[in-house]
1. How many residues are in contact with a strand residue (DSSP E or B) (Cβ under 7 Å, 6 or more places away or on another chain), on the phi < 0 side of the Ramachandran plot and part of a strand (DSSP E or B) if we restrict to the stretch 1-49?
2. Looking at P107, P20, P59, can you tell me which residue is loosely packed, with under 14 Cβ neighbours inside 10 Å and out of contact with any helix residue (DSSP H, G or I) (no Cβ under 9 Å at 6 or more places or on another chain)?
3. Starting from the stretch 92-103, keep only residues that are free of Cβ contacts under 8 Å to residues at least 12 places away in the same chain and outside any helix (DSSP H, G or I), then list their pairs with residues that are crowded, with 21+ Cβ neighbours inside 10 Å and not small (G, A, S) whose Cβ atoms are within a distance under 8 Å, requiring at least 6 positions of separation or different chains.
4. Among the residues in the stretch 78-93, are any farther than 16 Å from R51 by Cβ and polar (S, T, N, Q)?
5. Scan the stretch 78-86 and tell me whether some residue there is part of a strand (DSSP E or B) and touching a Phe, Trp or Tyr at 6+ places or on another chain (Cβ under 7 Å).
6. For the stretch 66-91, name all the residues that are under 21 Å from T42 (Cα atoms) and without any contact (Cβ under 8 Å) to a residue 12 or more places away in the chain.
7. Of the conditions (1) within 19 Å of T5 (Cβ to Cβ); (2) modelled with pLDDT of 95 or more, Y83 clears all except one; give me its number.
8. Taking only the stretch 50-71 into account, find how many residues are part of a strand (DSSP E or B) and touching a strand residue (DSSP E or B) at 6+ places or on another chain (Cβ under 8 Å).
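The values are calculated or read from the model by the stated rules, or taken from the named source; none is laboratory data. Note that this is a predicted model, so its numbers are computed, not measured. With ideal geometry, Cβ positions are generated from the backbone for all residues, glycine too; neighbour counts draw on all protein chains shown.
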Amino acid sequence: MYEITVERGISQGTLTFTGPNKSVQTKCYWNLSKKIPAGVYTGCSATTMARKKNSAGKPREAVFIPNVVGFSGIFIHMGKPPYEKWSDGCVVIEETKIIEIYNAITPKDGRNVKVTITDKS
């Protein structure tokens, strides 16, 4: 099982990934006016985004978050500054970091990732 925690502040947060052989911590961002609800999301998966490309022109690496109330197609995926412009509710991190996380998760599309999102008080 793999775990991702996102602790959101006012305009940015910290994403922490933990797996059996890898840990990654990085800043994360989102659309400030359209963000997914805080909560625990199970059955998430490392996958690629069918209609979005990475900087190499290949399908964009991501972690899919299913069953988000009020949203469809929500991911943790790459973005570039200004990061919040890359989000339509998704959590956005640097491309090198999502590739590290994506490569660490096996199997792909395995529904073997738990994502927990919290808001700082």
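1. Looking only at that region, the number is 29.
2. On the way: P20 fails: out of contact with any helix residue (DSSP H, G or I) (no Cβ under 9 Å at 6 or more places or on another chain); P59 fails: loosely packed, with under 14 Cβ neighbours inside 10 Å.
Answer to the selection: P107.
3. That search, which allows pairs on different chains as well, returns nothing.
4. no
5. Keep residues of the stretch 78-86 that are part of a strand (DSSP E or B), which gives 78.
So of that shortlist, the ones also touching a Phe, Trp or Tyr at 6+ places or on another chain (Cβ under 7 Å) come out as none.
Taking every residue of the stretch 78-86 in turn, none turns out to be part of a strand (DSSP E or B) and touching a Phe, Trp or Tyr at 6+ places or on another chain (Cβ under 7 Å).
6. S72, G73
7. (2)
8. The initial filter retains those residues of the stretch 50-71 that are part of a strand (DSSP E or B), namely 50-53, 59-65.
Restricting the remaining residues to those that are touching a strand residue (DSSP E or B) at 6+ places or on another chain (Cβ under 8 Å) gives 50, 52-53, 59-65.
So the answer is 10.
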